[in-house]
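Okay, structure first, notes after.
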Amino acid sequence: MVKRLAPMLIITIAGMATTLTVSGCDNNSDTTIESVATEQTATSLADTENSDSAETDAKVTAIDWSKVDSGEPAATVADYEYPFAIDSQNVKNYADYFKVDNATAQHNLTISTASNEALSKVLDQLDTSYTSHQVIDGKDAKLVIHTTADIDASSYDYVFAEPFAKGLILPIEIVPDGVKSDIDVHGDYQEQEASL
């Protein structure tokens, strides 16, 4: 009986040793896999942070007009229902002051009043490159945004989305001349051109 137990004991001990060795290897391989996975995740996170940082640090040099676009189709001006009546005092005063007809005054008064909708979208991209802006009233109303010299000059016809001027077009012009806010925000284009 002792002779039978001895080989069984040796086999059992050998089996236990093998199990310990194999499970030891498994634990090491699990640890190695976990370490590699952790390193890969850390590297991936660092790459993402560097990429985000690079995007943040990238200086805007041109307005991306696709980010400004309202997606609204242009309205037909001939039958447009303006918020100002054509014979209202506001329209008459505008027409008298800028020497335009009442229909032009009605249109330009509406788009100049609504101009902040477009301005805010452009300012989202300009950050510290913005210096000032002005709405040029008169015959050909438009929004002129003055920037530092690092921004490219460009222009765009913005179509309003808000109900007040929905579908009307406001021409926008980016002028990288660094002009500060000492200019009249609303004024006649000819007078302002002469002073620039």
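Observations
- Across the cross-link table entries Lys92/Lys139; Lys121/Lys166; Lys92/Lys166, which are compared at the Cα atoms, the separations over 20 Å belong to Lys92/Lys166.
- FRET efficiency, Ile86 to Glu173 (Cβ-Cβ, R0 30 Å, nearest 0.05): 0.65
- Bridge type composition, the range 65-195 - antiparallel percent by DSSP, nearest 5: 65
- Zone residues, the range 138-163, relative to Val68, backbone N less than 11 Å from point 7 Å out along Cα-to-Cβ: 143-146, 152-159
- Under 11 Å, Cβ to Cβ, from Trp65 - net charge with Lys/Arg +1 and Asp/Glu -1: -1
- The residues Asp177, Asp64, when put in order of fewest to most other Cβ atoms within 10 Å, stand as Asp64, Asp177.
- Three-way shape label, the range 65-195, alpha-carbon gyration tensor, a/c 1.5: oblate
- Label zone of Ala75 (point 7 Å out along Cα→Cβ, amide N under 19 Å): in the range 157-176 this covers 157-172.
Read-outs: derived from the displayed coordinates by stated rules, not from any lab. Because the structure is predicted, anything quoted here is derived from the model rather than measured. Here Cβ is always computed from backbone atoms with ideal geometry, including for glycine, and neighbour counts include all displayed protein chains.
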